[in-house]
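Scroll down for the structure; my scribbles are underneath it.
The values are calculated or read from the model by the stated rules, or taken from the named source; none is laboratory data. Just so we're clear, the structure is a prediction, and the values are computed from it rather than from any experiment. Just so you know, the surface numbers come from the protein's heavy atoms only, side chains and all, with ligands and any DNA or RNA stripped out. Shrake-Rupley method; radii C 1.70, N 1.55, O 1.52, S 1.80 Å.
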Amino acid sequence: MAKARRRSGRSIGRTARLRLRDRRLAWGLGVFGLLALAVVVASVWPYWRLSGEFRPLPEGEPSRLYARPFRLAPGSRLTAEALVRRLEGLAYHPAPAEGVTPGSFRAGPHSVVVGRRPFPTLGERGVLLVVELAGGRIERLLADERPVAEAYLDPPLLASYYGPELLERRPVSLDRIPGDVARAVLAAEDAGFFEHPGISASGILRALWINLRGGEIRQGGSTVTQQLAKNLYLSSERTVGRKLREATLAVMLEWRYSKEEILEAYLNQIFWGRSGSVNLIGLGAAAWAHLGKRVEELDLADGALLAGMIQAPASHSPVRNPEAARSRRDFVLDRLAALGWIAPEAAAAAKQRPLPTREIVLSRRRAPYYAAAAADEAARRFGAAELADAGLTLLGTLDPDDQGAAESAVAWGLEQLERASPRLRKHATPLQAALVSLEPATGAVRAWVGGRDWYASQFDRVVQARRQAGSAFKPLVYATAFERGVATPATLLEDAPLTVEAGGQLWSPSNDDDEFRGWVTARAALEQSLNVPTARLALETGLPAIVDLARACGITTRLRPVPAVALGAFEVEPIELATAYAVFAGRGVRPAAHLLDGLLERGGAARAGTPLAPPQRVLSAGTAFLVTTLLQGAVDYGTGRGVRAAGLADPVAGKTGTSNQARDNWFAGYSPDRVSLVWVGFDDDAPTPLSGSRAALPIWTRFALDVRPAGGFAKFTAPAGVRVVLIDPATGELATDRCPEVLAEAFPEERVPRLVCHLHGGRFAAPLDPQVRAELEAEREDERGIRAWLRRVFGRERRPPGPPTGPPP
């Protein structure tokens, strides 16, 4: 029994030891399992977290700047050919046989039907416009079969503001993508998309076999979900580790999101090649850059072409490699038919479609100086300091036709000047120019050229340069004198040597030709841009008053009330000087020059910003008109007569300007509906062998001729309180039948001359008081003996007045 007990004890001990061993083994396995699970969780968790950041539609897209939309209205001058050219410039396409749809048009000899695209400021849906034309004008305008007084085309894109990665995105939801297009992408990339769980076993095995045969990673066998995971979260390295991470993320995406969400994200995230220097991301960007179409406008042939490009966008570009693009497109069409997703007849018809022959280069800015200045205004007025990838819409004031004319005129003018002058060609830096054109009534900028080449120099001479105005400043002197009642256009000023002490130094102005003419009228002094009589008038008027008016007219640069200010010795910005001339064009009202009409948020809502300053009256309408008549004379008979020689006959007004040693050369000209200014010079302030009339005026005139309205520039009309009478330009007094020269001159009603010409005598020799004035006006209607006088007055060409024989009485 003792032996049995010993055996039983040993058996119990062995059992206990086995149990203890089992418990330890279980604990070990448990700990190992937990550690293994922790490793797996730790390995997988980052991918799970990454998959949680998935967004079907990307949030970032560039902000875009659009030009002024083109206005259509009955009575406007337009031909079918001109409208078609404009539509083609907006990437509209001839309509298919099925009918006119948004983004297409159908042109006939007397009408053009346009499927206008939607735009945030024009409506969320497209509109069918019918433009009926006759005699070079719009005869009738219909919008969705209803007559309308006006309609607008969608505005052209001027510039996009990209982030450092240069990503062009145009996100579009899946419900806006045509079914044929989505099916074409799946046929080309992943026909089993709706069946697999994110990875395709057959695809992986096929890729593995190809890679083993090649000895390297050549093919990935990636599903659409895997491609999306790679594009969103991984690099493009060809390694087994990256493929495993890609597959893991793909499965997680499939667990967490619907097939529709994944497909929508894929179509908005896939790389589709480049346009210029920017990367095309997503179907919306690809459709616009490669085909000039919005996604909603794509058809089966378009979808097959774009789907075929995904594999190798550059190699299958329809413009750079049309044969490869056609072959790949046709393969996708055949694949669609083989899958039963389209009819063979539809595939055959789509194969007959021609390929596009041009691409839209989205990276190119059509008005780069304007685009940069508009961005500054967006920050200043709307708080949009960062436009890159912000998805904002900037509504610009620029007219694309006017901008093209401005850029062409500047390039032409500088080329002509350099061709004629070896000195200009040999200078260390190139000759530069600036041109700005705006509407006087609103201050809206219509053209803006800040230099000859944006890519060579981003310095914007319209708004960043400060240059001496020279004689282009003189109209402000005469405006101040007229406004204060110091002078009228007929006032005689002495053109004789003048010396003035200023700041402890003597100042003696001279005329450009170093000659003196004696007594001249204020009109003649400004028309001929005479320095000495202008300086005398400025001293009599008061220099502080001239500076105050210049500031009221929009010039904010440093001006001091010294005699030289009358001759433009201080620096101004071209945009500010153009605004000052807009005061004359706008009957004394200063507009707020601006480049943007508004700014829209990503969803299309208007952003509230700092409102523009309201138009401000700074001159009487009468004074503005008097200055305008003088500057019309400068164009007809004075330093601006090159305008007429170039063929512009409209009654425009303008003034040349040339600073010391011709460092700055200006011409500013205007009509009631347009003011434009041109500056020419060197950035380093070097002298030039030029002048305002030789350098800036030809550029201005070429531009004005190109943008001239069909009916000509608007005419100036005298405001209330201004009278036009006949005077002798030699004396500034009322003309008689014996005066050899007669001029129709404008005066404020209270400043009309009351004396007849004292040099030539003749009829009306008595003072012209109010009672006698009425009698004299009645006598002018008497035909006896007066017809010959009228023929002499109005039948001969006016000549610039010569100096009078003596001083004014």
Quiz item: Can you give me the Cα centroid spacing of the stretch 625-668 and the stretch 322-392 in angstrom?
Solution: 47
Quiz prompt | Rounded to the nearest 10 Å², the accessible area of Trp448 at probe 1.4 Å | solution = 10
Quiz item: Rounded to the nearest whole Å³, what is the per residue volume of the convex hull around the Cα atoms of the stretch 520-608?
Solution: 132
Quiz item: Where the Cα atoms of the stretch 633-704 are projected onto their three principal axes, how long is each span, largest first, in whole Å?
Solution: 36, 22, 16
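What is the Cα radius of gyration of the stretch 235-392 over 2.2 N^0.38 Å, N being its residue count? It would help to have the intermediate numbers written out before the result.
Working: Rg = 19.4 Å, N = 158, 2.2 N^0.38 = 15.1 Å.
Normalised by 2.2 N^0.38 Å, the Cα Rg of the stretch 235-392 equals 1.29.
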Quiz item: Could you give the distance between the Cα centres of the stretch 243-285 and the stretch 674-708, to the whole Å?
Solution: 52
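Using only Cα atoms, what is the ratio of the radius of gyration of the stretch 608-742 to 2.2 N^0.38 Å?
Numbers: Rg = 18.0 Å, N = 135, 2.2 N^0.38 = 14.2 Å.
Taking N as the residue count of the stretch 608-742, the ratio is 1.27.
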Practice problem: Please work out, to two decimal places, the log10 of the ratio I(q)/I(0) at q = 0.10, 0.20, 0.22 Å⁻¹ from a Debye calculation in which every Cα of the stretch 301-420 carries one identical scatterer. | Solution: -0.61, -1.00, -1.12
Quiz item: Heavy-atom accessible area of Ile310 with all protein chains present, probe 1.4 Å, nearest 10 Å²?
Solution: 20
Quiz item: In Å and whole numbers, how far do the C-alpha atoms of the stretch 391-459 stretch along each principal axis, longest first?
Solution: 44, 29, 17
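For the stretch 95-203, what is the convex hull volume of the alpha-carbon atoms per residue, in Å³? Could you put the intermediate results ahead of the total?
Values: hull volume 20.7 nm³, N = 109.
Dividing the Cα hull volume of the stretch 95-203 by its residues yields 190 Å³.
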Quiz item: Hey, how many Å between the Cα centroid of the stretch 409-436 and the Cα centroid of the stretch 89-143?
Solution: 42
Practice problem: For the stretch 155-202, state what percent of all Cα-Cα pairs lands in each successive 5 Å bin, counting from 0 Å until the bin that includes the largest distance. | Solution: 4, 14, 14, 16, 15, 15, 11, 6, 3, 1
Exercise. Could you run the Debye sum over the Cα atoms of the stretch 441-518, one equal point scatterer each and no solvent, and tell me log10 of I(q)/I(0) at q = 0.14, 0.17 Å⁻¹, two decimals?
Key: -0.83, -0.97
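Evaluated at 10 °C with a viscosity of 1.306 mPa s, what Stokes-Einstein diffusion coefficient in µm²/s does the stretch 104-159 have when Rh comes from the Kirkwood expression over alpha-carbon pairs?
Numbers: Rh = 12.0 Å.
Answer, rounded: 132 µm²/s.
Return the inverse of the average 1/r over all pairs of distinct C-alpha atoms in the stretch 50-149, which is the Kirkwood hydrodynamic radius, in Å to one decimal.
Numbers: mean 1/r = 0.0653 Å⁻¹.
Here the Kirkwood hydrodynamic radius works out to 15.3 Å.
Under a 1.4 angstrom probe, counting protein chains only, how are Thr357, Thr731 ranked by accessible area, largest first? Kindly include the intermediate steps, with their values, before the conclusion.
On the way: Thr357 120, Thr731 10 Å².
Of Thr357, Thr731, the descending order of accessible area is Thr357, Thr731.
Any idea what the alpha-carbon Rg over 2.2 N^0.38 Å comes to for the stretch 353-411? Could you put the intermediate results ahead of the total?
Working: Rg = 15.1 Å, N = 59, 2.2 N^0.38 = 10.4 Å.
Scaled against compact globular proteins, the figure is 1.46.
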Quiz item: Excluding ligands and nucleic acids, what accessible area in Å² is computed for Asp737 using a 1.4 Å probe, to the nearest 10?
Solution: 60
